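Visitor: One structure is given below, represented as structure tokens, and several questions about it will come after.
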Amino acid sequence: MILKHMTIADPVFFTAEIREFERQATAQPNPPHLMEKAGLAAAQVTRDELLKSYNKRILVLAGPGNNGGDAFVVARYLKEWGNTVTVVFTGDSNRIPPDARQAIQAWFTIGGEIVADMPDNLNWNVIIDGLFGIGLDQSRNRPIEGKYLKWINTVNQSNVPIVSLDIPSGLGSDDGSIYGAAIRATITVTFIGLKPGLFTNYGPECCGTVLLRDLDIQGISPPAPQSWLLNKKLARSILPPPRPANSHKGTFGSLVILGGSTGMVGAALLTGRSALHLGTGRVYLGLLAHTVPTVDFLQPELMLRSPSELFKLKPLNCLVIGPGLGSEPEALLWLDRTLNTDLILVLDADALNLIALDSHLSKILNQRKAPSILTPHPAEAARLLKTDVTTIQNDRMGAAYKISQQFNCYVVLKGAGSICCLSDGKRYLNTSGNPGLSTAGTGDVLTGMIGALIAQGLNPDRALLLAVYLHGAAADHLLRQNHGPLGMTASEIIVAARLLLNEWIYQKINSSD
């Protein structure tokens, strides 16, 4: 997914919040014609981004609600600009919303016609998707079926550029879930504000390029946003400061990593290597395996210790527990001891699974005074919340918030469009990353990156946001370098992340000169 025309800390709004925008706008003495503005904006995008010239063939799919009304406005402008436009519409014009009915009448006024089914010939230059908008997930309790299902499947197989209005039809605007089937758009022109479903779950693979058109709504007092995009500008605004010349290894913190049980030593080693490459001054590993190496010959700078030795080290800035921790009684004892420290904690993998199973550990975590960061993937999140993965994925924004509140912690719910939730409930949707991250060890690398940034003095919220974005950006760098995601490894992510972090800090220094 590509993002354009976004600024730092772009707010993201749920459907109910967008509806409040619309309500306040239409309640004004001279309300703006939002449907007309939306349709014109989408028509201009279609013309400028995809058509390049006139006399093009355009298919418009108009649904039975206001999204269909937007589609009729798009069709009218494109026809007036000299294109051949076919509109497919099967709704009852007497039962649709008033603004949509007016848009249909305006279409007829310029000589437009409608057909009741999609033509067999798909020789189109562009298809406009105006079937279902942001109210789909609230208004329907069943998946898309029948003719609409057929149309969506046909359009997705057409190899024709598709412009979706507000959100691809079939995609939930609040959750990014697919309701039976969803359009795979080339461009999504979204109106008034950004929506969570565009950026998480199935959103990234359905939306194509996302273009925001705010429709220039004036004179309203919308609710303050509680969610934002985590994009490159935001990530680069929270970079650590450049390193002073007069410094030493103690200047950049000490990090402890506890994990690596028998058969899973590699997870802890990846976490340690990641932390070292992201700039931590000292990285200590406490391995739980029955037979442990005394040195990491690929990364001898890592200091391997027995778990009991770790808690004697001074000073320590952050403690990571979980990568390869296992579920043996010994792991449970070390997790209990860790939770009772006053260190900033990053908890991953088996640490999360053990907490999910043990109410005593959950209580200790909830009552901690020092910050804790949890890094669950959907299955681990489901265990923490005593539910299933489908429920988590169908409400990723809500799940991240619930974990944060229940365990008094910062959270990153990993996956497509990872969601970071801070301790105050504010959420950030990550926009970096690609399927190359779908391989063993990449979560361990992210955990090490978070710990490294905390050890070097970043506040937990900044460390979390920067690490999550940088982790995905490193994968994007490798995607370009390797011409695809296939075969990307966790170890490669570490090196790419170091490269980007140094590059960004260097660029920031030079831009301020």
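The values are calculated or read from the model by the stated rules, or taken from the named source; none is laboratory data. Computed from a prediction, not measured in an experiment: that's the story for all the values here. Neighbour counts are summed over all protein chains in view; Cβ atoms, including those assigned to glycine, are modelled from backbone coordinates with ideal geometry.
Visitor: Scan the range 211-239 residue by residue and report those that are among the hydroxyl-bearing types (S, T, Y) and either buried (at least 16 other Cβ atoms within 10 Å of the Cβ) or assigned to a loop (DSSP other than H, G, I, E, B) (or both).
Guide: Taking the range 211-239 as the starting set, the residues that turn out to be among the hydroxyl-bearing types (S, T, Y) are 221, 227, 237.
Within the range 211-239, S221, S227 qualify.
Visitor: For V85, state whether it is of a type in the set (A, V, I, L, M), in contact with a strand residue (DSSP E or B) (Cβ under 7 Å, 6 or more places away or on another chain), more than 23 Å from F14 (Cα to Cα) and not in a strand (DSSP E or B). Before the answer, list the steps.
Guide: Numbers: of a type in the set (A, V, I, L, M): yes; in contact with a strand residue (DSSP E or B) (Cβ under 7 Å, 6 or more places away or on another chain): yes; more than 23 Å from F14 (Cα to Cα): yes; not in a strand (DSSP E or B): no.
Judged against the criteria, V85 is not a match.
Visitor: Does I344 satisfy being closer than 23 Å to A467 by Cβ and of a type in the set (A, V, I, L, M, F, W, C)?
Guide: Values: closer than 23 Å to A467 by Cβ: yes; of a type in the set (A, V, I, L, M, F, W, C): yes.
Judged against the criteria, I344 is a match.
Visitor: A further question on this structure: How many residues are surrounded by fewer than 22 Cβ atoms within 10 Å (Cβ to Cβ) and among the charged types (D, E, K, R) when one looks only at the range 409-440?
Guide: Selection size over the range 409-440: 2.
Visitor: Test each condition in (1) in contact (Cβ under 8 Å) with a residue 12 or more places away in the chain; (2) more than 24 Å from L276 (Cβ to Cβ); (3) not aliphatic (A, V, I, L, M) for H483 and report the one that comes out false.
Guide: For H483, the failing item is (1).
Visitor: Answer yes or no: is there a residue in the range 493-507 that is of a type in the set (D, E), under 25 Å from V411 (Cα atoms) and either in a loop (DSSP other than H, G, I, E, B) or assigned by TED's automatic domain parsing to the domain that holds D424 (or both).
Guide: The first filter runs over the range 493-507 and keeps only residues of a type in the set (D, E), leaving 503.
From the residues that got through so far, the ones that are under 25 Å from V411 (Cα atoms) too are none.
Scanning the range 493-507, I find no residue that is of a type in the set (D, E), under 25 Å from V411 (Cα atoms) and either in a loop (DSSP other than H, G, I, E, B) or assigned by TED's automatic domain parsing to the domain that holds D424 (or both), so the answer is no.
Visitor: Tell me which of these N156 doesn't satisfy, since it passes every other one: (1) closer than 26 Å to L40 by Cα; (2) crowded, with 23+ Cβ neighbours inside 10 Å; (3) not aliphatic (A, V, I, L, M).
Guide: Here N156 meets the rest and fails (2).
Visitor: Can you name the strands (runs of 3 or more DSSP E) wholly within the range 267-337 that have at least 3 residues being of a type in the set (A, V, I, L, M) and closer than 22 Å to E380 by Cα? Working first, answer last.
Guide: Working: elements: 282-287, 303-305, 318-321.
Answer list for the range 267-337: 318-321.
Visitor: How many residues are free of Cβ contacts under 8 Å to residues at least 12 places away in the same chain and not in a helix (DSSP H, G or I) if we restrict to the range 143-181?
Guide: 2
Visitor: Among the residues of the range 25-60, which ones are modelled with pLDDT under 90 and among the polar types (S, T, N, Q)? Step through it out loud before you land on a result.
Guide: Kept after step one, since they are modelled with pLDDT under 90, are these residues of the range 25-60: 25-32, 52-55.
Listed by number, the residues that qualify are T26, Q28, N30, S53, N55.
Visitor: Has the range 129-142 got at least one residue that is assigned to a loop (DSSP other than H, G, I, E, B), free of Cβ contacts under 8 Å to residues at least 60 places away in the same chain and β-branched (V, I, T)? Let's see the steps before the verdict.
Guide: Step one: filter the range 129-142 for residues assigned to a loop (DSSP other than H, G, I, E, B), giving 131-135, 140-142.
Imposing the further condition that a residue be free of Cβ contacts under 8 Å to residues at least 60 places away in the same chain reduces the set to 140-142.
Subset that is β-branched (V, I, T): none.
Within the range 129-142, not a single residue is assigned to a loop (DSSP other than H, G, I, E, B), free of Cβ contacts under 8 Å to residues at least 60 places away in the same chain and β-branched (V, I, T).
Visitor: With (1) surrounded by fewer than 22 Cβ atoms within 10 Å (Cβ to Cβ); (2) outside any loop (DSSP other than H, G, I, E, B); (3) free of Cβ contacts under 8 Å to residues at least 40 places away in the same chain as the list, and E22 as the residue in question, which single condition is left unmet?
Guide: So the condition that E22 fails would be (3).
Residues checked against (1) within 22 Å of L365 (Cβ to Cβ); (2) touching a residue at least 60 places away in the same chain (Cβ under 8 Å); (3) in the same structural domain as T280 (by TED's automatic domain parsing); (4) not aliphatic (A, V, I, L, M):
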site	(1), (2), (3), (4)
Y401	yes, no, yes, yes
N408	yes, no, yes, yes
G417	no, yes, yes, yes
D424	yes, no, yes, yes
V445	no, yes, yes, no
L453	yes, yes, yes, no
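Visitor: Among the residues of the range 345-362 satisfying the criterion of being in contact with a Leu (Cβ under 7 Å, 6 or more places away or on another chain) and part of a helix (DSSP H, G or I), which is nearest to C318 (Cα to Cα)?
Guide: Once the filter is applied, the top-ranked residue is A351.
Visitor: Moving on to the next point. Of the conditions (1) surrounded by 14 or more Cβ atoms within 10 Å (Cβ to Cβ); (2) closer than 27 Å to K508 by Cβ, M264 satisfies every one except a single condition; which number is it?
Guide: It fails just one condition, (2).
Visitor: Hey, another quick one. Answer yes if at least one residue in the range 428-435 is touching a residue at least 24 places away in the same chain (Cβ under 8 Å) and on the phi > 0 side of the Ramachandran plot, and no otherwise.
Guide: As a first pass, look at the range 428-435 and keep what is touching a residue at least 24 places away in the same chain (Cβ under 8 Å): 428-435.
Filter once more, keeping what is on the phi > 0 side of the Ramachandran plot: 433.
Yes: the range 428-435 contains one or more residues that are touching a residue at least 24 places away in the same chain (Cβ under 8 Å) and on the phi > 0 side of the Ramachandran plot.
Visitor: Among the residues of the range 366-398, which ones are within 20 Å of T338 (Cβ to Cβ), hydrophobic (A, V, I, L, M, F, W, C) and buried (at least 20 other Cβ atoms within 10 Å of the Cβ)? Working first, answer last.
Guide: Of the residues in the range 366-398, the ones within 20 Å of T338 (Cβ to Cβ) are 366-376, 380, 383-384.
Adding the requirement that they be hydrophobic (A, V, I, L, M, F, W, C) leaves 370, 373-374, 384.
Of everything in the range 366-398, those that are within 20 Å of T338 (Cβ to Cβ), hydrophobic (A, V, I, L, M, F, W, C) and buried (at least 20 other Cβ atoms within 10 Å of the Cβ) turn out to be I373, L374, L384.
Visitor: Tally time: how many residues in the range 189-210 are in contact with a helix residue (DSSP H, G or I) (Cβ under 9 Å, 6 or more places away or on another chain) and in a strand (DSSP E or B)?
Guide: Total meeting the criteria: 5.
Visitor: Let me confirm something: among G472, G443, G487, which residue is farther than 23 Å from G281 by Cα, of a type outside the set (F, W, Y) and not in a loop (DSSP other than H, G, I, E, B)?
Guide: Values: G443 fails: farther than 23 Å from G281 by Cα; G487 fails: not in a loop (DSSP other than H, G, I, E, B).
Exactly one of G472, G443, G487 is farther than 23 Å from G281 by Cα, of a type outside the set (F, W, Y) and not in a loop (DSSP other than H, G, I, E, B), namely G472.
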